[in-house]
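Every number in this text was worked out from the coordinates using simple rules, so none of it is lab data. Note that the structure is predicted; figures quoted are calculated from it, not measured. As a convention, Cβ positions derive from the backbone with ideal geometry for all residues, glycine included, and neighbour counts pool all protein chains shown.
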Amino acid sequence: MQLHWHRRDIRAADNHGLSKAAADGPVAPIFVFDTDVLAHASPPRVRYLLDALDELQSWYRTQGSDLLVATGDPRETIPAVAEALDAERVVWNVDYSGLAKERDAAVRLALDEVDVERETVHDAIFHEPGSITTNAGDPYSVYTYFWKKWRKREKPSPYPEPSELVGAETLESVVKQVDDVGIGSLPTIDSLGFEELSADILTAGTDAARERLESFCEDAIFRYAEDRDYPTRNATSHLSTDLKFGTIGIREVYEATEAAAERAESEAEAESVEEFQSQLAWREFYTHVLYFNPSVVTENFKEYEQGIQWRDDEEELDAWKAGETGYPIVDAGMRQLLAEGYMHNRVRMIVASFLTKDLLCDWREGYAHFREYLSDHDTANDNGGWQWAASTGTDAQPYFRIFNPMTQGERYDPDGEYIKQYVPELEAVTSNTIHEWHELSELERERLAPEYPEPIVDHSERREMALEMFENARGDD
Ligand SMILES: Cc1cc2nc3c(=O)[nH]c(=O)nc-3n(C[C@H](O)[C@H](O)[C@H](O)COP(=O)(O)OP(=O)(O)OC[C@H]3O[C@@H](n4cnc5c(N)ncnc54)[C@H](O)[C@@H]3O)c2cc1C
């Protein structure tokens, strides 16, 4: 019998580790609520995780098996369950983040001590860290070169669902032998120490992820390149939380995009599909960056000789967090985050630029806030996104490229539709006026939208201050 340890692979289909385990006999599945991981979690992700596990557990039950669920330290639970099951081997999919790497090394040692074999396989991404390198064998720090190699590499097909599973009765007998392992209902969000979710996040689980993928590949994927930057066009896949928790496999996603490419009716449509695939490659690029540079979680990737003297004004930071900066597109984005645990990519770039280059606030503050509120928070992608915007990352935005939040709003939300959806105080204001909000007199702003805050900073002034801050950091004269 084999034990499969589910982690960021909350699914039965296209699961490399699970199908590998099943190739050698009946499989028993387990999920452990790791207390160290929970310390970094937040309600949107715990809610998604619980719902996704509920769906997976139901699937196992329809197959006459069940999902073992434990809370505690996997270093203790995994060997204890493996022993109680008399398992030959424990299989799991690699997690590339720093905390997981340390934990998994300790679990391997603990399994050695009880003489249980273990095997880890690559699953979450197509090409594992170290498999796409420069000709000198170094990891890439420039995305374009990485992408050129990534797109040419062969991509495996989805893995089949496991066919042979350990029966529920056998699993029940294990529960009696090992503390903190259960099989019945999953813990509640409350019992895990989190508040009930206030944001309206997307439905969790494989079924919902598959629906999102299918609907995206029917139509939007063919317009993705043109429309992806416009938040009201519903032009992106919304698969980020599913990919974060692995409720859908990357091979299944890619296969659907390849099928779409075959249906493309023009070169532009085929290129659009490829543009989407290149976002999947960004995800892998940032996974590699984090793997080879674990310090980026807290440190700048790019060194500035003199260090960056961030300004860090608490009141301004609080206004940014609450969506009360008086810059309409920024406030709309920040309020979308609070309301949905999600924000459109273009708007993430705008709010991140505003925080770091208008408020001159350290990107780590923004990252911490995103980590708290995003349902799709993924250390590699979130960190990559923040360090890109702050001009401190690998292949980042040059420091002198500073988004003007008004022209960004005008370009990507010309009718102010997105802004009005999340900033109802501006409902009655015309889009032209919204896009020149900072140029109106205080009196006029007060007359048009008395409830909406005044701009907390002057963009042109702050732009100059940001340039100076970066030039000082570079040691420029
Ligand atoms: C400051 C900032 C923070 C971000 N934080 C996260 C995060 O915590 N988690 C996260 O998954 N993405 C993050 N992103 C990247 C991007 O904004 C989201 O992946 C995207 O908005 C999710 O929506 P979607 O699934 O509809 O994307 P789609 O456009 O449909 O893209 C498909 C998938 O490709 C991947 N992807 C897309 N863009 C990027 C990118 N720039 N970098 C890495 N992977 C990408 C995601 O897995 C995404 O689901 C961040 C970007 C910025 C600028």
note = Expected sort for HIS4, HIS438, HIS16 with the fewest Cβ neighbours (10 Å cutoff) up front is HIS438, HIS16, HIS4
Globularity index of region 330-390, i.e. its alpha-carbon radius of gyration over 2.2 N^0.38 Å = 0.97
key: Whole-number Å³ per residue for the convex hull built on Cα positions in region 303-474   = 102 Å³
query = Taking a threshold of 27 Å on the Cα-Cα distance, which of the pairs LYS152/LYS244; LYS101/LYS357; LYS101/LYS321 fall above it?
reply = LYS101/LYS357; LYS101/LYS321
task = Report, in degrees rounded to the nearest 10, the 0 to 90 angle that the Cα long axis of helix 328-340 makes with the longest principal axis of the chain.
result = 20 degrees
task = Compute the long axis of helix 143-152 from its Cα atoms, compare it with the longest principal axis of the Cα atoms of the chain, and write down the angle in degrees, 0 to 90, nearest 10.
result = 40 degrees
ask   = Against the longest principal axis of the chain, how steep is helix 98-113, in degrees 0 to 90 to the nearest 10, with axes from Cα atoms?
value = 10 degrees
ask   = What are the principal axis extents of the Cα atoms in region 206-292, in Å, biggest first?
value = 39, 29, 27
task = Only helical DSSP H runs with n ≥ 4 go in: add -39500 (n - 2.57) per run for the chain, normalise by residue count and round the 222 nm mean residue ellipticity to 500 deg cm²/dmol.
result = -15000 deg cm²/dmol
task = Express the Stokes-Einstein translational diffusion coefficient of region 1-124 in µm² s⁻¹, to the nearest whole number, given a Kirkwood radius over alpha-carbon pairs, 25 °C and a viscosity of 0.890 mPa s.
result = 168 µm²/s
Calculated diffusion of the chain, Stokes-Einstein form, Kirkwood radius summed over Cα pairs, 25 °C and 0.890 mPa s, µm²/s = 102 µm²/s
task = Can you check what the Kirkwood hydrodynamic radius comes to for region 237-342, Cα pairs only, in Å to one decimal?
result = 17.7 Å
